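Q: Let me give you the structure first, and then I'll get to my questions.
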Amino acid sequence: MKILKQNVFFSISLVITLSLLGQSAGAQEFPPKKSISIVVGFAAGGATDTAARIIAKKLGDNIGANILVDNRPGAGGNIAHQFAANGPTDGSTILFGSVGPLTIAPHMMKLPYDPVKDLAPITMGVNFPNILVVNSGTGIKTFAEYIAFAKKNPNKLEYASTGPGSASHLAGELLDEMAGIETVHVPYKGGAPALQDLLGGRVAAYFSTYSTAQAYIANGQLIPLAVTGPTRLKSLPKVPTIAESGYPGFNATNWYAFVASSKVPVPILDRWNLEIVKVLKSPDVVQQLNDHGLTPMPTSRDELAKYMAKESAQWGKIIRERKITGE
């Protein structure tokens, strides 16, 4: 009789456990039934948007879902990051986050979200340097001429960025510090509007992505002066790095990573990592990204978390030394 009661209790427990597991699986369904969006913090037409659309197309094909790229420009990308931090917790909204809001802006201003606590890492997306380009009408043709002009004309040379605390902003601040020059930072809501004013001659320079500037470099409207990363670009082999142009150690690469609300269940975050890493390793996606000067950089979730912490420490130091604010 005792054995019978134990068996009955075990059977009931098993049924309850399986029922709960079934509910849990339903709550963590992948892909989510509702529409899926990849949020981008900059205007359409820039490098972030370009990379997001390339990845979204392949990702949607792989998982059998329609994925919308949702552009929410403004505040150097912080508007989009706040939206994602406070957004849906079922995994239907993921953010193609950028170096600025994730590791730079927290040192410059009080944010309505915490990138570490409110956003969970999924995988690194792409990593690449910026290129210092000038409007051909400036008459500046080399990096040495750029530095010489800035030294002779303090606070006269204006450079565009994709917003306060963005990689393009901090590259300019780092160069000012290392070269002993003072230039004027002019923030925009993304690469496309920054490029418009650069082409129109309203600003002289821009630390641009290759993807944004390549067509205008090709037709001669923009002059590439130097690369902000540790090595030259294969697509622009004659353009030197800033590090080899008299400022050894200069390194200001740009990167975009996939993150989501930290309230998204871990199994969903893990599944997004699996699917996005698969896309970033696809030969056709690698080729498309490379064509735009973007290097795929798939990682584990833990590797991304450690990379972000390292970048935060590096840029925090520069911001304190330069006394940079989000004003």
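Q: Say whether the condition of being farther than 23 Å from Leu294 by Cβ, among the aliphatic types (A, V, I, L, M) and touching an Asp or Glu at 6+ places or on another chain (Cβ under 9 Å) is met by at least one residue in the stretch 77-99.
A: Yes; the residues of the stretch 77-99 include at least one that is farther than 23 Å from Leu294 by Cβ, among the aliphatic types (A, V, I, L, M) and touching an Asp or Glu at 6+ places or on another chain (Cβ under 9 Å).
Q: Identify, please: which residue in the stretch 55-80 is of a type in the set (Val, Ile, Thr) and surrounded by fewer than 21 Cβ atoms within 10 Å (Cβ to Cβ) and is, among those, nearest to Tyr216 (Cα to Cα)?
A: Looking at residues that are of a type in the set (Val, Ile, Thr) and surrounded by fewer than 21 Cβ atoms within 10 Å (Cβ to Cβ), I get Val69.
Q: Also, I was wondering about something else. Is it the case that some residue within the stretch 229-245 is basic (Lys, Arg) and in contact with a strand residue (DSSP E or B) (Cβ under 7 Å, 6 or more places away or on another chain)?
A: Within the stretch 229-245, one or more residues are basic (Lys, Arg) and in contact with a strand residue (DSSP E or B) (Cβ under 7 Å, 6 or more places away or on another chain).
Q: Same structure again: Among the residues that make up the stretch 158-180, is at least one of them within 24 Å of Gly46 (Cα to Cα), assigned to a helix (DSSP H, G or I), modelled with pLDDT of 95 or more and touching a helix residue (DSSP H, G or I) at 6+ places or on another chain (Cβ under 9 Å)?
A: Within the stretch 158-180, one or more residues are within 24 Å of Gly46 (Cα to Cα), assigned to a helix (DSSP H, G or I), modelled with pLDDT of 95 or more and touching a helix residue (DSSP H, G or I) at 6+ places or on another chain (Cβ under 9 Å).
Q: Output yes when any residue across the stretch 84-97 is in a helix (DSSP H, G or I) and either more than 26 Å from Gly45 (Cβ to Cβ) or out of contact with any strand residue (DSSP E or B) (no Cβ under 8 Å at 6 or more places or on another chain) (or both), and no when none is.
A: no
Q: Tell me, yes or no, whether the stretch 257-266 has at least one residue that is out of contact with any helix residue (DSSP H, G or I) (no Cβ under 7 Å at 6 or more places or on another chain), under 25 Å from Ile55 (Cα atoms) and basic (Lys, Arg).
A: Yes - at least one qualifying residue is present in the stretch 257-266.
Q: Name the single residue, out of those in the stretch 137-146 being over 28 Å from the mean Cα position of the chain (by Cα) and part of a helix (DSSP H, G or I), that is farthest from Gly229 (Cα to Cα).
A: Per the criteria, the residue is Gly137.
Q: Looking at the stretch 85-137, which of the residues that are under 27 Å from Glu29 (Cβ atoms) and β-branched (Val, Ile, Thr) is most open to solvent (accessible area, probe 1.4 Å)?
A: Filtering first and then ranking leaves Thr89.
The values are calculated or read from the model by the stated rules, or taken from the named source; none is laboratory data. Small disclaimer: the values here were computed from a predicted structure and weren't measured. Virtual Cβ from ideal backbone geometry, glycine too; neighbours counted across all protein chains shown. With ligands, DNA and RNA removed, areas are computed over all heavy atoms of the protein, side chains included. Shrake-Rupley method; radii C 1.70, N 1.55, O 1.52, S 1.80 Å.
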